[in-house]
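Q: Provided herewith is a single structure, encoded as structure tokens, for subsequent inquiry.
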Amino acid sequence: MYGLLFKTAWEVIKDFASNPKFLGAKPGMIAILHTWGQNLSLHPHLHCIVPGGGITQSGKWRSAKSNGKYLFPVKAMSKVFRARFVASLRKEL
């Protein structure tokens, strides 16, 4: 399950970044797995560090269009991530 969590997060970041509407470049990402919440209950989740830009096809850096806000639309990413993660879980079961 943790592997699916990392894989899905990376695929969603990569797909949003490759879309010219948002960035049109290859992103980078570092992800840290946390398995517990603040009250020490099981709560697996990732913390992802993503640069504010990416590398274009020509090998040049392209900065994000977000003007210091979120790199990509949060609600759209949430919906896409949830749908892909659930679909991956169903395939595995």
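The values are calculated or read from the model by the stated rules, or taken from the named source; none is laboratory data. Everything numeric in this text was worked out from a predicted model, so none of it was measured. Using ideal geometry, Cβ is built from the backbone for each residue, glycine included, and neighbour counts are taken over all protein chains shown. For accessibility, only protein heavy atoms count, side chains too; no ligands or nucleic acids. Shrake-Rupley method; radii C 1.70, N 1.55, O 1.52, S 1.80 Å.
Q: When only residues in region 1-22 that are at pLDDT 95 or above and among the hydroxyl-bearing types (Ser, Thr, Tyr) count, which is most open to solvent (accessible area, probe 1.4 Å)?
A: 18
Q: Those residues that are touching a Cys at 6+ places or on another chain (Cβ under 9 Å) and aliphatic (A, V, I, L, M), I need them from region 1-31; list them, please. So that I can check it myself, show each step before the final result.
A: Narrowing region 1-31 to residues touching a Cys at 6+ places or on another chain (Cβ under 9 Å): 9-10, 13, 29-31.
If the condition is that a residue be touching a Cys at 6+ places or on another chain (Cβ under 9 Å) and aliphatic (A, V, I, L, M), then 9, 13, 29, 30, 31 are the ones that fit.
Q: Please determine whether any residue of region 9-17 is touching a Gly at 6+ places or on another chain (Cβ under 9 Å), under 19 Å from residue 63 (Cβ atoms) and in a loop (DSSP other than H, G, I, E, B).
A: No, that holds for no residue.
Q: Continuing with the same structure: With respect to the numbered conditions (1) over 10 Å from the mean Cα position of the chain (by Cα); (2) polar (S, T, N, Q); (3) within 27 Å of residue 91 (Cβ to Cβ), which one is the sole condition not fulfilled by residue 8?
A: Failed condition: (1).
Q: Just checking, which of 62, 84 is out of contact with any helix residue (DSSP H, G or I) (no Cβ under 7 Å at 6 or more places or on another chain) and not hydrophobic (A, V, I, L, M, F, W, C)?
A: Numbers: 84 fails: out of contact with any helix residue (DSSP H, G or I) (no Cβ under 7 Å at 6 or more places or on another chain).
On inspection, the qualifying residue turns out to be 62.
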